[in-house]
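Nothing in this text is a laboratory measurement; each read-out follows from the coordinates by a stated rule. These figures come from a predicted structure and were not determined experimentally. Counting neighbours? That spans all protein chains shown, and the Cβs are built from the backbone with ideal geometry, glycine included.
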């Protein structure tokens, strides 16, 4: 708390000096403070890193420089010492580590904000990956959330922007964090998504090992993989990046438009290509880490369907009506929002309109949408819709990096059309 207080004092002092000097350096000061905040949150881990990640995609609330600085928290964080991890596993599973596992690598495969993953071997020889939650995350959560709620109250002053309904925003963050910390829930989601995608043999989801899983330890099947964005490694094994992207596109189109439950964190650290001889002919894509996943409510699916209809018909009034129904327009802001969206509709029309917009243009529209959120007072994104939009934009960005010749819009069109024809 003292470190956060010091950051606030520095920001306040800079603001006061600027006023005395008759200068407005708000943007520069906010960006500088955001970079300092990233360094601080990275040291604190846990709820604080998650708060920074949550804030980094709120382009409706943060200035561009602050959002970009906080986005750095999406990367890896330093792992905890192995003896600490050993203590968590032994407390959760009962007994000595050596009695529950035939082998357990001391070096982690990866570390993130609330957990790290180790390779291990079960009695009998099966190789598994073990996700272990940091021991202090749950214990410190009540105090951490109180601090973060207080920080949110300062957010409008820090950024120079009004934050509407702070309590609702805080509840969205808190509830999402509690879901991510429940590894039993993550295991259930992994099973459900595996079931939903079972008809596609080129999609892999780890099998959950119940005997070695608890709310803070999640053990799952392991296989050798290649990073999904490593084109050189894929091509060295004769694996077509375009074929990999087609598998990934099918998987997400079905999750988002057919199943309504989707893996909501498609960054390269959570997606891999299974390293196996048959990958040359039929590559398999492995999904990992289902802590951040989202189930779209029937009401939101209905509003999305009607919104897409309105977009395809270039019906501006109907589109704005759906935006209002989804909570995207603050009271009194409808006219401003309608004018801003009308300009965006015109640009989409110039590119062909609706499903005729090529996948390569989606990232440009994404950047325009960010600017629209920043520059249109009263336009806001509920968290469910934000995760939906963020997942799709992450996917298109990954597609541009992996195989830009593959048009993900065309690939997804059959699923989109079935979604439009469905009735919830």
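Observations, loosely collected:
- Nearest-0.05 FRET efficiency for residue 195 and residue 96, computed from C-beta distance (R0 35 Å): 0.50
- With each label modelled as a point 7 angstrom along the Cα→C-beta vector, the residue 178-residue 297 pair spans 1.6 nm.
- Neighbour-count order for 223, 151, fewest beta carbons within 10 angstrom listed first: 223, 151
- Peptide packing for 197-208, 334-345 was compared via the average number of neighbouring C-beta atoms within 10 Å per residue; ordered from the highest value, the list is 197-208, 334-345.
- Spatially, the range 284-343 and the range 82-103 are offset by 46 Å when compared through their Cα centroids.
- Rounded FRET efficiency, nearest 0.05, which uses the C-beta distance separating residue 334 from residue 276 and R0 of 60 Å: 0.65
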